[in-house]
1. Any idea which residue in region 149-173 is surrounded by the fewest Cβ atoms within 10 Å (Cβ to Cβ), counting only those that are in a loop (DSSP other than H, G, I, E, B) and in contact (Cβ under 8 Å) with a residue 12 or more places away in the chain?
2. Would you confirm, using the coordinates I've provided, whether Leu177 is part of a helix (DSSP H, G or I), of a type outside the set (Lys, Arg), touching an Asp or Glu at 6+ places or on another chain (Cβ under 8 Å) and within 27 Å of Leu67 (Cα to Cα)?
3. Kindly establish whether Ala70 is outside any loop (DSSP other than H, G, I, E, B), at positive phi and modelled with pLDDT under 90.
4. I need the full set of residues from region 41-67 which are buried (at least 17 other Cβ atoms within 10 Å of the Cβ) and part of a helix (DSSP H, G or I), in order please.
5. Restricting to region 180-196, name every residue that is in a strand (DSSP E or B) and over 10 Å from Cys166 (Cβ atoms).
6. Just give me the residues in region 183-205 being surrounded by 15 or more Cβ atoms within 10 Å (Cβ to Cβ) and of a type outside the set (S, T, N, Q), in sequence order.
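The values are calculated or read from the model by the stated rules, or taken from the named source; none is laboratory data. Being a predicted model, the structure only gives us computed values, none of them experimental. Note: ideal-geometry Cβ built from the backbone for every residue, glycine included; neighbour counts use all protein chains shown.
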Amino acid sequence: MAMQSQDITDTRSNPESKAARLKRLRRLTNLERVDFAAKYGINVSTLKGWETARAHGLSKKGANRFLKIAAQEGVLCSYEWLMYGLGHGPRILEKFDTHLEIYPSSNHDEEERIMEELLLFRHHHRNTIDLIIEDDGMSPHYAIGDYVAGVKLSKQYFSKLINTDCIVQTTDGQLLLRKIKMVTQQNTFTLSCVNPNTTVTEPVLYNIELVGAAPVIWHRKKIQL
């Protein structure tokens, strides 16, 4: 099972997979490769290399640079999705105006203000992990549709997150909001829901190896329609 999980992770993070996601992200900006490169001062050969997985493909530095540029074009995307295929894919901000500042404006609707605030959070925190909650496992404090974000910590600090609400990345590619409980085996953890009436099929996950963990430090409630 561990080998199968590792295979899934490796497949999603290989140069070809990263290249395909990067190309998708660039196309969402509605800019051709040459135009994108010219507008933002990127060597077109470098951009082509990223999109074709040439010379080991997209680097960490290149990914962070590309994400900031995409955000300026109104396309928000997490580092984890671009590099590892984890979590939600790119999100386009409707009515996005690249001449507006990143800070909320009274002319924006509620969702746009939240997304701009998230973009600002990403700007100030290099290793951001963010998530739109998809289950009721952490209700009532966190509801389906809420936005949460945190700063990814190194593995050496995971044991200090016991009894903390965290966005976690598992080796099988899941991105979840759970409370981290006691260490049950070496380098593995128990992940628990807090809602006693949750509809989650497995409210407690045992012996889970984590590739990422971020305590929640930013939380915005879902949009009320």
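1. For region 149-173, the residue satisfying everything is Asn163.
2. So Leu177 does not fit the description; no.
3. So Ala70 fails the test.
4. Of everything in region 41-67, those that are buried (at least 17 other Cβ atoms within 10 Å of the Cβ) and part of a helix (DSSP H, G or I) turn out to be Leu47, Gly49, Trp50, Glu51, Gly62, Ala63, Phe66, Leu67.
5. Lys181, Met182, Val183, Thr184, Gln185, Thr188, Thr190, Ser192
6. Phe189, Leu191, Cys193, Val194, Val200, Pro203, Leu205
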